[in-house]
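Undergrad: If you scroll down you'll find the structure; I have some questions about it.
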Amino acid sequence: MLKFWKMRADRGAEAEAGFTLIEMSIVLVIIGLLIGGVLKGQELIDSTRLKSVVAQWDAVKAATNGFQDRYNGMPGDYSTATTVIRATGVENGDGNGVIGTTSTAPLASGSGTGAAGENLNFWAHLTAANLLSGVQLSSLATAQAANANGILAGRIANSFFMAIDATSNGQYSVWVRFQSGTAPGSTVDILTEKQTAEIERKYDDSSSITGSIHADNRSATACGDATGAYNPLQTARNCTLLFALQ
């Protein structure tokens, strides 16, 4: 009988001894795998969002080329849009071959054939011509200017695209500027250098100052250095991108 109670006491002591080193190691490995899986999943989600931004650029580029082929003019600048396209929210451009005014600065919102009016009408012309989807037209560009409804919203929260004629680092083009802000005339940086570097690496030449994608920062901190190199470790949102359409 004494032997029986001794065995019971020994088993109780073993039960209270806690996890062994092997068991703890297994638990830590499982925790590490779970954390790694979450981080990898977040990385894939982020990469998918960036890919969708580039897909929207491709769609706008194809729509712009299609518009030029069909109407022999640039969307936004097209001077007979009201009679040829005939749709709500469409206004005429001045037909001078420039969307708005050649610039690299943010353009104020507005209506008519003025600089900002053409920048907004760019989206109205493409949408009314059934060449681009995803833009909600208002009655006039002035109404579109009140928020981002009259322009193409991005797939990243609080982002949209703005069409501009601009010279960036000595390279002239018609661009769509991917940005964040509260209205078409405002610009707030939307991407980190890490994100921008990934887009450049996959879809352009990895430089912030050459190729079809340029960095166009609006903050005090530059996006990319003077040589065009990005810092992939920089996680602050200090980048706005220009995507060339021509």
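The values are calculated or read from the model by the stated rules, or taken from the named source; none is laboratory data. Everything quoted here is computed from the prediction, not taken from an experiment. Using ideal geometry, Cβ is built from the backbone for each residue, glycine included, and neighbour counts are taken over all protein chains shown.
Undergrad: Return the residues of region 90-119 that are under 19 Å from ALA63 (Cα atoms), of a type outside the set (Val, Ile, Thr) and modelled with pLDDT of 80 or more; say none if nothing qualifies.
TA: GLU91, ASN92, GLY93, GLY95, GLY97, GLU118, ASN119
Undergrad: Here is a follow-up. Exactly one condition in (1) part of a loop (DSSP other than H, G, I, E, B); (2) more than 18 Å from GLN179 (Cα to Cα); (3) at pLDDT 90 or above is false for SER208; which is it?
TA: (2)
Undergrad: Return the pair list, or none, for Cβ contacts closer than 9 Å from residues in region 167-195 that are more than 19 Å from LEU152 (Cα to Cα) and part of a loop (DSSP other than H, G, I, E, B) to residues that are modelled with pLDDT of 85 or more and among the hydrophobic types (A, V, I, L, M, F, W, C), at least 6 apart or on different chains.
TA: ASN169/ILE209; GLY170/ILE209
Undergrad: Out of all the residues in region 58-75, which are of a type in the set (Asp, Glu) and either under 12 Å from LEU132 (Cβ atoms) or surrounded by 13 or more Cβ atoms within 10 Å (Cβ to Cβ) (or both)?
TA: Matches in region 58-75: ASP58 only.
Undergrad: Looking at ALA9, ALA17, ALA87 in this structure, which one is surrounded by fewer than 17 Cβ atoms within 10 Å (Cβ to Cβ), in a loop (DSSP other than H, G, I, E, B), among the aliphatic types (A, V, I, L, M) and modelled with pLDDT under 75?
TA: One residue alone meets the criteria, ALA17.
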